[in-house]
1. Which number in (1) among the hydrophobic types (A, V, I, L, M, F, W, C); (2) modelled with pLDDT of 95 or more; (3) part of a loop (DSSP other than H, G, I, E, B) marks the one condition that V50 misses?
2. Quick check: is even one residue across the range 111-133 farther than 22 Å from R388 by Cα, at pLDDT 95 or above, among the aliphatic types (A, V, I, L, M) and not in a loop (DSSP other than H, G, I, E, B)?
3. Is it true that some residue in the range 72-88 is touching a helix residue (DSSP H, G or I) at 6+ places or on another chain (Cβ under 8 Å), acidic (D, E) and without any contact (Cβ under 8 Å) to a residue 24 or more places away in the chain?
4. Looking at the structure I just gave you, is G287 assigned to a loop (DSSP other than H, G, I, E, B), closer than 30 Å to H125 by Cβ and touching a residue at least 60 places away in the same chain (Cβ under 8 Å)?
5. So, in the range 59-102, of the ones that are over 30 Å from W264 (Cα atoms) and in a loop (DSSP other than H, G, I, E, B), which residue ends up modelled with the highest pLDDT?
6. For the range 298-412, list the helices (runs of 4 or more DSSP H) that sit wholly inside it and hold at least 3 residues that are at pLDDT 95 or above and of a type in the set (G, A, S); which are they?
7. For the range 155-194, enumerate the residues that are of a type in the set (F, W, Y) and part of a loop (DSSP other than H, G, I, E, B).
8. For the range 267-275, check the following and say yes or no: at least one residue is crowded, with 24+ Cβ neighbours inside 10 Å, touching a Pro at 6+ places or on another chain (Cβ under 8 Å) and not aliphatic (A, V, I, L, M).
Amino acid sequence: MTSRSPQPDLAADTSRREPSRSSAIYRHGDEPIGDIEQAYSGRLTPDLAVNTFRNIDRLFPSRIIAAGASPRPLEQAPTCLDGVVASVNGEAYDLYDYLALNSVTGLLVLRHGDIVHETYQRGNHRDTRWMSMSVAKSVCSTLAGMAIRDGLIREGLAAQVTDYVPALAGSAYQGVSLRDLLMMASGVAWNETYIDPRSDRRALLRAQIAQRPGGAMKVMAALPRAAKPGTRHNYSTGETQILAELVRRAVGRPLAEYLALKLWRPYGMESDASWWLESADGVEIGGSGIAATLRDYARFGQFMLDGGRVEGRSLLPDGWIDAATRPTTLAGGDSLEYGYMWWTAWTPSSRRDRAFAAKGIHGQFIYVNPTRDIVIAQNAAAPKPLGRLVIDPMVFCDAVAAHLEGQAGAPA
């Protein structure tokens, strides 16, 4: 593989490995927390879950994603969501039902870039840093697009995984392209079951807990092939860890630093965030472990809605957002209702609007609707990783979009 170096205009590393979390600096810093295996097993009591999810950088070594000195303003719009009603199986649910039944701890709605609704629950505040879980996958895939745009992954989507991640040479990932990886269509066998301690997902988690450099890639290199590359989609957090390794080697610097220099500062995120590491001073955990404020998650959604631009300059390859957020095509021609680690819309209304979402276990969600110029960011503390949301978040987002459209069309 050709030697690659970072962009010459990127500044030196200013990240710190761990944020200072004393109670004098972070309001939640002294709260009792659980452990990560309890979270993945769904064995946290409600209060302990909330404490844990807003203190995840106490679970593993983390690297700072540094914000700049000039936050992007979010103006308040004179709008009320009291009339929002989502219908599920013939039952009507209003905003307050949704917040309670889906264990929502923070909800922020932007329209035309302005705040039309912002609420925090369970002791959270505007400065609370909340876990991303798999929302981080969509961040990581966006970094891959930026690295392609910067010329640091010169082969683009055709780049071969093993050219960038030598630990996987000779494994089932031989012959897998970056595009295959982004679609989670490598053809490599994987069991994502969170609550099963025998699953591949939990094996990867144990490697993270062990905090040994290269431990995650040892797990991935041992996996068998189940199909030809590009022919079958199989949701795999492990593939996002491979993506993190690939992007890290391509850009020649930590992902948290690259994210800070490319987006977090230039776009105007208002707070430092943090990102879990595989080992002390090691690579970031590509599939989870970002801790950021709700407003900054919403700003990330707004960045995608804005076409991936900062001050008029595109940070992503031409056509990247369309390709990354709409159904993709598997080898052989079958359509895949999944983008480049973004979820395509699954409700009729959002499909018509070409909406897309980043989502994570326990109810984390960023919804982007380019047709109606809406971004909705949500933090939540559902009691189990999956299957405990009473109201489909995208159904609720559709109800919000319809309500705002109605308000816009109402007479003054």
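1. Just one mismatch for V50, condition (3).
2. Our first condition is that a residue be farther than 22 Å from R388 by Cα; within the range 111-133, this holds for 111-118, 125-129.
Going one step further and asking which of them are at pLDDT 95 or above, we end up with 111-118, 125-129.
Restricting the remaining residues to those that are among the aliphatic types (A, V, I, L, M) gives 115-116.
Filter once more, keeping what is not in a loop (DSSP other than H, G, I, E, B): 115-116.
Yes, the range 111-133 contains at least one residue that is farther than 22 Å from R388 by Cα, at pLDDT 95 or above, among the aliphatic types (A, V, I, L, M) and not in a loop (DSSP other than H, G, I, E, B).
3. Yes, some residue in the range 72-88 is touching a helix residue (DSSP H, G or I) at 6+ places or on another chain (Cβ under 8 Å), acidic (D, E) and without any contact (Cβ under 8 Å) to a residue 24 or more places away in the chain.
4. Values: assigned to a loop (DSSP other than H, G, I, E, B): yes; closer than 30 Å to H125 by Cβ: yes; touching a residue at least 60 places away in the same chain (Cβ under 8 Å): yes.
Judged against the criteria, G287 is a match.
5. V84
6. On the way: elements: 320-325, 348-352, 393-409.
Of the helices (runs of 4 or more DSSP H) lying wholly inside the range 298-412, those with at least 3 residues that are at pLDDT 95 or above and of a type in the set (G, A, S) span 393-409.
7. Looking only at the range 155-194, we keep the residues that are of a type in the set (F, W, Y), and these are 164, 173, 190, 194.
Passing the criteria: Y173, W190, Y194.
8. Initial filter on the range 267-275 (crowded, with 24+ Cβ neighbours inside 10 Å): 269, 273-275.
Narrowing the set further to residues that are touching a Pro at 6+ places or on another chain (Cβ under 8 Å) leaves 269, 274.
Okay, now just the ones that are also not aliphatic (A, V, I, L, M), so 274.
Yes, the range 267-275 has at least one match.
The values are calculated or read from the model by the stated rules, or taken from the named source; none is laboratory data. Note that the coordinates shown come from a computational prediction; the quantities given were computed from them, not determined experimentally. All Cβ positions, even for glycine, are placed from backbone atoms using ideal geometry, and neighbour counts span all protein chains on display.
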